[in-house]
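A quick write-up on the structure given underneath.
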Amino acid sequence: MKTLTPALELRSVARSYAEGRGRLEVFRDLDLTVRAGEIVALVGQSGSGKSSLLHIAGLLEAPTAGDVLVAGQNCSTLDDQARTRIRRIGIGFVYQFHHLLPEFSALENVMMPQFIAGASRQEAENRARDLLTRMGLASRLEHRPSELSGGEQQRVAIARALANRPLLLLADEPTGNLDPETAARVHDELLRLIREEGLGALVATHNLELARGMSRIARLDRGRIVEA
């Protein structure tokens, strides 16, 4: 049986913060693997540390101890410039709020990260058109965020996260700001596109019904990952 290459590995990760004269422990000895082609739902009670874990996985925050590997590369000892380079090309981010640039069209918003990564204008436009069309937005390419519905804005944000063909997608409550019907539709489109692109994904969500549609569920409980 062929073993899929891990898109993300967290090995014995710990994270704690100074709190008064002591320390607040968020994680301890935490292990998690997300393989290419796998969509893992990250669930847990509010305040359990899901967002902090995504920040560590996305190289936005360093763990107190342990190793973070993206596509087999140990990023724990890299300098800020090297970590930024991996974030720019190897990792896509989707947040609860879309964070689109208001002065640019949907097409331009998806082209922007490709320009930063060094793509030509034609390459960036072709990729952006393809992703937005696959998200059902072929007729909305020239619309600015204020002219789009909430679900459409989040579809653009998903396309933008995948623009540079990352190996890993991290999503933090990506449908949390949407009404239930729109959330379910955007969620289904997100999972479909992830599977089509063949990347690994870690999706934090409080919605267990949506989580059950993913490859597996990892529950964050008392600083540890418990497979559900």
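Computed values, structure above
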item: Selection from segment 86-111 of residues that are open to solvent by 40 Å² or more (accessible area, probe 1.4 Å) and within 23 Å of residue 57 (Cβ to Cβ); result: 87, 88, 89, 93, 95, 96, 97, 99
item: Number of the exception - residue 165 against (1) surrounded by 17 or more Cβ atoms within 10 Å (Cβ to Cβ); (2) under 22 Å from residue 116 (Cβ atoms); (3) not β-branched (Val, Ile, Thr); result: (1)
item: Segment 1-45 - residue that is assigned to a loop (DSSP other than H, G, I, E, B) and in contact with a helix residue (DSSP H, G or I) (Cβ under 9 Å, 6 or more places away or on another chain) and, of those, farthest from residue 202 (Cα to Cα); result: 44
item: Selected residue (criterion: nearest to residue 190 (Cα to Cα)) from residues of segment 100-155 that are in a helix (DSSP H, G or I) and among the hydroxyl-bearing types (Ser, Thr, Tyr); result: 133
item: Residue match in segment 199-210 (condition: of a type in the set (A, V, I, L, M, F, W, C), part of a helix (DSSP H, G or I) and open to solvent by 40 Å² or more (accessible area, probe 1.4 Å)); result: yes
item: Condition met for residue 202 (in contact (Cβ under 8 Å) with a residue 24 or more places away in the chain and either of a type outside the set (A, V, I, L, M) or out of contact with any Asp or Glu (no Cβ under 7 Å at 6 or more places or on another chain) (or both)); result: yes
item: Filtered residue count, segment 64-80, keeping only those that are loosely packed, with under 15 Cβ neighbours inside 10 Å and either of a type in the set (Ser, Thr, Tyr) or in contact (Cβ under 8 Å) with a residue 60 or more places away in the chain (or both); result: 2
item: Residue list for segment 168-189, filter: within 12 Å of the chain's Cα centre (by Cα), in a loop (DSSP other than H, G, I, E, B) and crowded, with 23+ Cβ neighbours inside 10 Å; result: 174
item: Some residue of segment 36-46 being modelled with pLDDT under 85 and either among the hydrophobic types (A, V, I, L, M, F, W, C) or open to solvent by 80 Å² or more (accessible area, probe 1.4 Å) (or both); result: yes
item: Count of segment 11-25 residues which are open to solvent by 30 Å² or more (accessible area, probe 1.4 Å) and at pLDDT below 90; result: 10
item: Verdict on residue 83 being open to solvent by 20 Å² or more (accessible area, probe 1.4 Å), touching a helix residue (DSSP H, G or I) at 6+ places or on another chain (Cβ under 7 Å) and in a helix (DSSP H, G or I); result: no
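The values are calculated or read from the model by the stated rules, or taken from the named source; none is laboratory data. Because the structure is a prediction, the values reported are computed rather than measured. Positions of Cβ are backbone-derived with ideal geometry, glycine not excepted, and every protein chain shown enters the neighbour counts. These accessible areas exclude ligands, DNA and RNA; they are computed on the full protein's heavy atoms, side chains included. Shrake-Rupley method; radii C 1.70, N 1.55, O 1.52, S 1.80 Å.
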